[in-house]
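Here's the structure we're looking at; comments come further down.
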Amino acid sequence: MKFGKEFKKQKVPEWIDAYMDYSGLKQILREIMLHKLSRQPPTPLRAIKQKLKLHRTFSGLHAKSRDFVSQGDIEDQVIDVEALPRDGSGHFYRTNFLRQSEEGGEIEEMFFEKLDQELNKVNKFYKDKVEAVMSEAAELNKQMDALIALRIKVDTKNASPDNATAVPLRTSTRTLEENKCGDHSLEILEHVKINNTLETPRSTLKGVFKDSKDDELRFRKEELRKVEGQLRVVFIEFYQKLRLLKNYSFMNLAAFSKIMKKYDKITSTRASRSYMKIVDNSYLGSSDDVTSLLEKVETTFINHFSNSNRKDGMKSLRPKEKKERHGVTFLSGFFSGCSIALLIAVILRIEARDLMDKKEGASYLVNIFPLYSLFAYAILHMLMYAADIYFWRCYRVNYPFILGFKQGTVLSYREVFLLSTGLAVLALSSFLANLHLDMGSRTEHYRKLTELVPLFSITIVIVIIFCPFDIIYRSSRLFFIKSATHCFCAPLYKVTLPDFLLADNITSQVQAIRSIELYICYYGLGESSQRQSKCHTHGIYNAFYFIVAIVPFWLRFLQCLRRLCEEKDAVHGWNGLKYLLIIIAVLIRTAFELKKGTTWFVLALASSAVAVAMSTYWDIVMDWGLLRRKSKNTYLRDNLVISNKSVYFAAMVLNIVLRVAWMQLVIEFNLHSLQKMAITTIISCLEVFRRGIWNFFRLENEHLNNVGKYRAFKSVPLPFSYNDEETEKDD
């Protein structure tokens, strides 16, 4: 692979502007080469040789360098690099090009000016980041002091009388400071409190009721395990920071070396030697703080969090990346083919029985289809998610970091597509079996059994989702269950981006949630034979028909309230108002659906229009960050990951159209029940499609915000807090 492509591939997406501009410098070198070629009209043979040489220089081929014409050492006659002091923060570098008077010298001088800018930029960024991690390492030392003291206290408290004076073996290991032994004074614990981050329902409720004793140490094993778990995560995240910084240094040093070698080849000089000495002596090339910290973190983590097992410790610190498996591609194709075949079979079965034309057949489809539409909505949502992953990867949107996925557990778009096609096979097989058994003359005695087919299918899905065994992407299933739990228990859990993103996606699945309610009615209330027409006669069903429709928006509203209380940002209040307007609109629309009437129709239409208007504005302006008046990209935003600007305008128009389509559910069409059901299903599918588009641009905007702030790491809360006065004395 060419170095330019490898360099681009290895960049941390959030730091992309902090890397050396290798392609920009390479472009200047092309201008230098073209200028040298144009200085003397070449003969045909010479022209061919020069073109070949130009191709070799910029294609990365390892051709033999031509001999330099040397008359003494001419290196000092090319450049003179100065290291000038910066205001208390190291040096900045300036190169004096000594051949400016020669023809084409102004281009080479521009090259070195650009090179100096890149070196100073990279050097300063790296130094700032290293100073930040050094400060964080000092804080981690204090956290480890407290942890080891807590271990001693807990082990001593729970030890038998005969062993009460024994010092636990675990305390003999070392912290980040190499020579600091484990025999820590227990006096540390007098100045330490537990940080209550309000991330769980219990801690949230205690925080609300101001339990002042909640942050005091109780020296229990449960408390110790919780602290160890928190610090384990902190060390893993800190180690990833160090690895990224080390790779940042390595790739930029390699880029400077490569670009200077290219310069030497083009200009027949040896300027790279003197310039690379400056690069190697800069903070970027000379500092070994990151390497030293990496070694100390490995030692600390292995000794304290892996029972001195280096293999297990390094496995946690450096999880292996998932490899693409050919079996996933094969099964995806196989299930796709099966899904298409089953879909054709279902259509032919319906046509063969003339179910669409007969009153009884249409009534049967109206009764059976809502049970299987649940699968259709889920499959479409998964397909849109697979498409989002594909385009996020194409445009280098760091979605695993944004969504908080652990390294080595991220599903690829192929794997998501495999799951969606597998679910499609299950749903279509069940639907076809229902059609065959219900419509067959020989299966009349098994009608009770055929009514259980949809229930059997959804039971399989539920069992797979909650299966505790390490099969079918267990880590991803657990992540989904955790995020779903946080959503449905809002506002008791701290709101993170994956949580509110999932809640937003659930708001697009109102019809799917209503299908779940139908399952409860059919099989819980014993109405599986009468189906939906009978369900609406139950008062409890109609009550839940209201509640189910607003639950997703209510949960999102509660999340906004929690963020408003914690972050004191009025934006979350306005966002909560948006969901409150949607709740009102959905309630009125549901009442209109059940009661009809002109008054309800007008109210439903007006409330839906207001909700659609505010939701559309929020989608485009707040969530996507578009329609910025002062942007350098007219009516978009300053930074875009897609070069074709028309894509953004098309997405905005499509979002508006699909939002308005949602209002069509209010309009009362004079249609048969089967046709109404078809329209409702199509509009609901369009809403899922709109949500898939929204997801892409929402994460793109979040990614660009991270890039603007160079935010490439998760903020992990520390378990201990030290008394401020004691900290100042120690300092």
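Taken together, the values in this text are just the output of simple stated rules run on the coordinates, not laboratory data. These figures come from a predicted structure and were not determined experimentally. For neighbour counting, all protein chains shown are included, and Cβ atoms are generated from backbone atoms with ideal geometry for every residue, glycine included.
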Coil-residue trypsin sites (Lys or Arg not before Pro) of segment 628-659, DSSP, other Cβ within 10 Å capped at 14: 628, 629, 630, 632, 645
Gain on full stretching of the segment that runs from residue 315 to residue 489 - 0.36 nm per residue minus C-alpha separation: 59.3 nm
GluC sites (Glu not before Pro) lying in DSSP loop within segment 79-146, provided at most 13 other Cβ fall within 10 Å: 102, 103
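With +1 assigned to the C-beta of every Lys and Arg and -1 to the C-beta of every Asp and Glu, and no other charges, what is the dipole magnitude of segment 393-522 about the Cα centre in debye, to the nearest 20?
Values: 12 positive and 8 negative charges, 78 e Å.
In total the dipole reaches around 380 debye.
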Positive dipole terminus of segment 237-361, leading residue within 332, 252, 276 (C-beta point charges): 276
Chymotrypsin sites (Phe, Trp or Tyr not before Pro) lying in DSSP loop within segment 593-688, provided at most 14 other Cβ fall within 10 Å: 635, 669
Cα gyration tensor category, rounded, prolate or oblate, for segment 212-280 with a/c compared to 1.5: prolate
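Calculate, for residue 660 and residue 286, the FRET efficiency according to 1/(1 + (r/R0)^6) with r their C-beta to C-beta distance and R0 60 Å; round to the nearest 0.05.
The formula returns an efficiency of 0.45 here.
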Three-way shape label, segment 250-350, alpha-carbon gyration tensor, a/c 1.5: oblate
Sequence-distant lysines (8 or more away, or on other chains) whose Cα lies within less than 17 Å of residue 153: 142, 193, 221, 226
Alpha-carbon centroids, segment 369-432 and segment 504-522: separation in whole Å: 18 Å
Listed residue pairs exceeding 27 Å between alpha carbons, taken from 241/315; 8/632; 26/277; 320/714; 127/482: 127/482
Separation in nanometres of the label points that stand 7 Å from Cα toward Cβ, at residue 222 and residue 395: 4.7 nm
Distance between modelled label sites at residue 344 and residue 247, nm, 7 Å Cα→Cβ extension: 4.5 nm
